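Participant: Sending over a structure as structure tokens; questions will come in a sec.
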Amino acid sequence: MSYVAPAEFGTPAFLTRLQAQDRDAIQQVVHEFLPQILRAARGAGLSEHEADDVTQQTFLTFIEGLPRFEGRSQVRTWLFGILYHKLREARRGFQKQNRHDDIDQVLESRFDARGMWQSPPREADHDLWDQQIRDHLEECLQTLPERHRLAFLLKEVEGLATHEICNALEVTATNLGVILYRARNRLRECLEGRGFAER
Amino acid sequence: MKMPGMYSCREVHALVGRGTVEDLGPWGRFRFRTHLAMCRHCARYVRQVRALGAALRRRCGREPDPERCRRLEEAVMARCDGHEP
């Protein structure tokens with residue numbers, strides 16, 4: 001096998017091999033990105049069995065589509081885009097969110113007409129705060145719409161750049177900003193509501 | 001409080017919530033840091049949101065079991081080769 005470093009996956013030579021469905025090139029991509037895709041599938045709320053299945057389906061779709069892959073996005077971005085579609089197929093709740101979200105009203109009520117806090121975040125020392133996150137993060141994550149949770153995971157855990165997430169989820173940068181804003185604040189509000197910030 | 005030319009709390013909240021602080025230019029970063037230095041509520045909000053991101057990375061950022069990944073990789077390559085595993 002002629003090994004190519006992941007940083008070289010975007011080179012024309014490697015792209016040509018992928019388009020030709022070169023087995024070694026495919027295996028290198030699978031080996032490099034399968035743990036990330038599997039981790040994201042689990043983080044998106046799938047069971048272990050479902051995550052295994054969706055991960056396999058993601059790579060099989062990737063392989064089938066290689067002759068049409070023009071390299072306009074990075075291999076990793078393309079894979080996350082396929083994963084997103086597989087998650088939507090696997091989970092009915094993965095529909096796009098409405099333009100208006102009830103979290104917006106909750107957040108708006110925290111500020112006065114001048115844009116100053118009228119209901120500021122409640123105080124917590126660091127130890128209590130960390131403890132409350134450990135106790136409640138799991139259940140609060142379940143309150144996020146699945147699309148928001150995936151966007152948040154891609155940003156915070158996988159460290160994808162904004163343009164990569166936008167390509168993968170097919171949203172504009174503005175829409176992604178709104179999604180991340182709602183996801184972060186819904187989580188924080190949930191934790192605070194469950195005693196997160198109480199002394 | 002809001003000083004002329006400085007961000008309001010709502011604006012700081014939006015910048016942090018959207019994750020766009022890093023996109024600010026030098027003047028924007030100055031305004032952001034100045035606001036945090038003067039506003040304990042926003043400073044607390046920023047600390048809580050950062051802790052949340054760190055906790056999420058600890059919870060969801062663990063590497064999956066290598067053996068499981070190896071089995072899945074084999075299954076994908078077997079399907080790629082036209083063999084049902």
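Read-outs throughout are calculated quantities, based only on the coordinates presented, and are distinct from any laboratory measurement. Owing to the predicted nature of the structure, the values given are computational and were not obtained by experimental measurement. No Cβ is skipped: glycine too gets one built from the backbone with ideal geometry, and neighbour counts run over all protein chains shown.
Participant: Of the residues B:M77, B:M38, which is at the interface with another protein chain (Cβ under 7 Å from one of its Cβ atoms) and more than 17 Å from A:R39 (Cβ to Cβ)? Steps first, answer last, please.
Facilitator: On the way: B:M38 fails: at the interface with another protein chain (Cβ under 7 Å from one of its Cβ atoms).
Sole residue among the options that is at the interface with another protein chain (Cβ under 7 Å from one of its Cβ atoms) and more than 17 Å from A:R39 (Cβ to Cβ): B:M77.
Participant: Could you check how many residues of the stretch B:15-43 are buried (at least 18 other Cβ atoms within 10 Å of the Cβ) and free of Cβ contacts under 8 Å to residues at least 24 places away in the same chain?
Facilitator: Summing the residues that are buried (at least 18 other Cβ atoms within 10 Å of the Cβ) and free of Cβ contacts under 8 Å to residues at least 24 places away in the same chain in the stretch B:15-43 gives 3.
Participant: What do you reckon, is A:P67 free of Cβ contacts under 8 Å to residues at least 24 places away in the same chain and either touching a helix residue (DSSP H, G or I) at 6+ places or on another chain (Cβ under 7 Å) or of a type in the set (S, T, N, Q) (or both)?
Facilitator: Working: free of Cβ contacts under 8 Å to residues at least 24 places away in the same chain: no; either touching a helix residue (DSSP H, G or I) at 6+ places or on another chain (Cβ under 7 Å) or of a type in the set (S, T, N, Q) (or both): yes.
In short, no.
Participant: Sort out for me the helices (runs of 4 or more DSSP H) sitting completely within the stretch A:122-199 that have 3 or more residues that are under 17 Å from A:L107 (Cβ atoms).
Facilitator: Numbers: elements: A:126-141, A:146-156, A:162-169, A:173-193.
Answer list for the stretch A:122-199: A:173-193.
Participant: A further question on this structure: Could you please find all residues in the stretch A:44-66 being within 17 Å of B:P66 (Cα to Cα) and at the interface with another protein chain (Cβ under 7 Å from one of its Cβ atoms)? Reasoning before the result, please.
Facilitator: Just the residues of the stretch A:44-66 that are within 17 Å of B:P66 (Cα to Cα), to begin with: A:48-49, A:51-53, A:55-56.
Scanning the stretch A:44-66 gives A:D52, A:T55, A:Q56.
Participant: Moving to a separate point now. Please work out if B:R57 is over 27 Å from A:A151 (Cα atoms), among the charged types (D, E, K, R) and at the interface with another protein chain (Cβ under 7 Å from one of its Cβ atoms). Spell out how you get there, then give the answer.
Facilitator: Working: over 27 Å from A:A151 (Cα atoms): no; among the charged types (D, E, K, R): yes; at the interface with another protein chain (Cβ under 7 Å from one of its Cβ atoms): yes.
When the stated conditions are applied, B:R57 does not pass them.
Participant: Scanning for something in a helix (DSSP H, G or I), surrounded by fewer than 17 Cβ atoms within 10 Å (Cβ to Cβ) and either touching a Cys at 6+ places or on another chain (Cβ under 7 Å) or touching a residue at least 60 places away in the same chain (Cβ under 8 Å) (or both), does the stretch A:100-119 turn up at least one residue? Give the derivation first.
Facilitator: Going through the stretch A:100-119, the residues in a helix (DSSP H, G or I) turn out to be A:102-108.
Checking the rest, the ones that are also surrounded by fewer than 17 Cβ atoms within 10 Å (Cβ to Cβ) come to A:102, A:104-106, A:108.
Adding the requirement that they be either touching a Cys at 6+ places or on another chain (Cβ under 7 Å) or touching a residue at least 60 places away in the same chain (Cβ under 8 Å) (or both) leaves A:104, A:106.
Looking through the stretch A:100-119, at least one residue is in a helix (DSSP H, G or I), surrounded by fewer than 17 Cβ atoms within 10 Å (Cβ to Cβ) and either touching a Cys at 6+ places or on another chain (Cβ under 7 Å) or touching a residue at least 60 places away in the same chain (Cβ under 8 Å) (or both).
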